[in-house]
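Only one structure is covered here, and it is reproduced in the block below.
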Amino acid sequence: MNKKIFGLALGAMLFALCLPAQAQRAKKVPRIGYLHFRAGPDAADEAFRHALRDLGWIEGQNIVIEYRWAAGKQDRYPVLATELVRLKVDLIVTATPGPTQAAKNATKTIPIVMVAASNAVERGLVASLARPGGNVTGMSQQYIEINAKLLELIHETLPKVTRVAFPGDPSSPNWRGLDTTARAFGLTLKSFELNERKERDGLIESALEAVARERPGALLVPGSTYSRFARPIAEFAAKYRMPVFSVNWPLVEKHFGLLAYGPDFIEMYRRAATYVDKILKGAKPFDLPVEQPRKFELVINLKTASALGLTIPPSMLVRATKVIR
C-alpha cells in the first residue's frame, strides 16, 4: 500500500515538474510587423535588431519580425499595413510618416512604434509629444526646424547663393513657414515636383532639367526623396555643378551630395527598440511620450566640394561631425 501511495506521489511530482516546461513551450512568441518605405534593409534596420538583442529579444528565438518593404511605392503602404493587421501582429514598427499613417488607418488597437516620422503632431499622428494618445508613439523629428537649419548652413557655406530649389509641396508640414526663414538669409525658395507620379510617368529627368533652367544656386533635398532618387539627383548635380544639401547624411557620403545636417538615424532606430521592449512588457503607447532626436550629424563631402570647385569655410569644417576627404 505504501509503495502504491509512494508511486502515485512520485508520479504527481513528475507531472507537476513537467507543467512549467510545457507552459514554456506553449508560450506565445511575440510577432512584430515592420513596415518601411525602403526596398530592403540597411544599417539602420540592423541597428534596430541589435538593440532588440541587447534587450533580450532575439529574432527567431523569442520574437518574430514580419518585414514588409514598400520600395518607395506609396500606394503599397495601406496594402502592407492591412496585411500586417490580418497577421494579428502584436506591434507594428513604421518608418517615416507615410507608413505610420497607413498603419494608424489600418488599426486603432495594435500598438505602433514610429521611427523618424517627421512632424508627428502637425501630421495628426499623435495628439502631442508628451501625451501621444491613441495607439501611436515612438520617435519623431521636427523637419521644419531641420530644414530651417539647412537653409542657414546653405547661407554660411555659399554666401553668394540667393536661390534654392527643393522638391516638395510648400504647404506640407516639412516646409510650412520656411519662406520666412529663407528671406531672413536673403534666399528665395523655388519648389518643384519629384515624386512617385513623376517616376511612373518617366518625367524625373525632365523635372530636374526644368529646375536647371531656373538656375538655383543649391538644391535642398528631403531625406526620403534623396533615398528614392539618389542616382538621378547625383547625375543632375554633377552635370549642372549643383550643390546638394540634405538631412540624409548617409546618402551625402555616397551620391555627390555636398552637405548634410540631420538626426543620427542609427541612434533613433536603436531607441525605437526600447519602445518595442516596453510595449511587449505591458506598457501602453499612450503612456509613452514621443521622443525627439538627441544627436545630430553635420557631414561635409570635400570630394564633392572639389568637383564643384567650392571652398568650404574652415569654420564649417571645425563644426562637422564627419568630413569626407
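Only the coordinates and a few stated rules stand behind these numbers; no lab work does. Please read all numbers here as calculations on a predicted model, not as lab measurements. All Cβ positions, glycine included, derive from the backbone under ideal geometry; neighbour counts span all protein chains shown.
With the convex hull drawn over the C-alpha atoms of the chain, the volume per residue is 153 Å³. Using alpha carbon centroids, what distance separates segment 73-91 and segment 123-170, in Å? A separation of 27 Å, based on Cα centres.
Enumerate the residues in segment 140-183 having an amide nitrogen under 11 Å from the point lying 7 Å beyond the Cα of Phe296 toward its Cβ. Only 142-153 pass the distance filter.
Can you pull the semi-axes for segment 198-252, root of five times each eigenvalue of the Cα gyration tensor, sorted largest first, whole Å?
Details: eigenvalues 55, 45, 16 Å².
Computed over segment 198-252, the values are 17, 15, 9 Å.
Taking θ as phi - 60° and the Karplus parameters 6.51, -1.76 and 1.60, the scalar couplings of segment 130-146 work out to 6, 10, x, x, x, 10, 10, 8, x, 10, 8, 10, 9, 5, 4, 6, 5 Hz in sequence order, x denoting glycine and proline.
Provide the packing ranking of 37-43, 185-191, i.e. peptides ordered by the mean count of other C-beta atoms within 10 Å per residue, highest first. Before the final figure, lay out the partial values.
Details: 37-43: 14.4, 185-191: 16.1.
Highest-to-lowest ranking by the protection proxy: 185-191, 37-43.
Relative to the compact-globule estimate of 2.2 N^0.38 Å, the Cα radius of gyration of segment 145-189 comes out at 1.05.
Once a ≥ b ≥ c are taken as the square roots of the eigenvalues of the Cα gyration tensor of segment 192-325, is the result rounded (a/c under 1.5), prolate (a/b larger than b/c) or oblate (a/b not larger than b/c)? Intermediate results must be reported in sequence, preceding the final value.
Details: a/c = 3.18, a/b = 1.52, b/c = 2.09.
The shape class here is oblate.
Highest mean first, what order results for 254-266, 68-80 on Cβ atoms within 10 Å? Intermediate results must be reported in sequence, preceding the final value.
Values: 254-266: 23.1, 68-80: 17.2.
Ranked by mean Cβ neighbours within 10 Å, highest first: 254-266, 68-80.
Under a 5 Å amide H cut-off, with hydrogens placed 1.01 Å from N, Thr188 pairs with Arg163, Val164 among residues at least 5 apart or on other chains.
If Lys and Arg each add +1 and Asp and Glu each add -1, what is the summed charge of the other residues whose beta carbon sits under 12 Å from the beta carbon of Thr225?
Numbers: positive: Lys198, Arg228; negative: Asp169, Glu193, Glu196, Glu199.
In short, -2.
Backbone phi angles across segment 98-115, fed through the Karplus curve with coefficients 6.51, -1.76 and 1.60 (θ = phi - 60°), yield HN-Hα couplings of x, x, 5, 5, 4, 5, 5, 5, 7, 8, 10, 10, 6, x, 10, 10, 8, 10 Hz in residue order; Gly and Pro are listed as x.
Within 10 Å, count the other beta carbons around each residue, average over each peptide in 157-169, 192-204, and list them highest first. Mind showing how you got there, number by number?
Working: 157-169: 17.8, 192-204: 14.9.
In decreasing order of mean packing, 157-169, 192-204 become 157-169, 192-204.
Taking other residues whose beta carbon is less than 14 angstrom from the beta carbon of Arg325, and scoring Lys, Arg as +1 and Asp, Glu as -1, yields +1. Per residue, the chain reaches -13500 deg cm²/dmol at 222 nm when only DSSP H runs of four or more residues are counted, each adding -39500 (n - 2.57). Within the shell defined by Cβ-Cβ distances under 12 Å, the residues around Asp277 carry a net charge of +4, with Lys and Arg each +1 and Asp and Glu each -1. DSSP bridge analysis restricted to the chain gives an antiparallel fraction near 15%, rounded to the nearest 5. Between Arg38 and Ala70, Ala71, Gly72, the built amide H atoms are under 5 Å apart, and every one of these is 5 or more places off in sequence or on another chain. What shape does segment 73-192 take by its C-alpha gyration tensor, where a ≥ b ≥ c are the square roots of the eigenvalues and a/c under 1.5 counts as rounded, a/b above b/c as prolate, and the rest as oblate? It is prolate, given that a/c is not under 1.5 and a/b is the larger ratio. Expressed in Å, the radius of gyration and Dmax of the Cα atoms of segment 159-247 are 12.6, 37.
Averaging sequence separations of C-alpha pairs under 8 Å and six or more residues apart, then dividing by the length of segment 164-236, give the relative contact order as a whole percent. List each step's numbers first, then the result.
Numbers: 62 pairs, mean separation 29.2, N = 73.
Computed over segment 164-236, the figure is 40 percent.
So if I take the centroid of the Cα atoms in segment 195-220 and the same for segment 256-277, what is the distance between those two points in Å? Segment 195-220 and segment 256-277 have Cα centres separated by 28 Å. Scalar couplings 3J(HN,Hα) for segment 64-71, obtained by applying the Karplus form with A = 6.51, B = -1.76, C = 1.60 to θ = phi - 60°, are 10, 10, 9, 8, 9, 10, 8, 6 Hz; x denotes Gly and Pro.
The angle between the Cα long axis of helix 204-214 and the main principal axis of the chain comes to about 40°, on a 0 to 90 degree scale.
The Rg/Rh ratio of segment 228-281, with both radii computed over alpha carbons and Rh defined as the Kirkwood radius, is 1.24.
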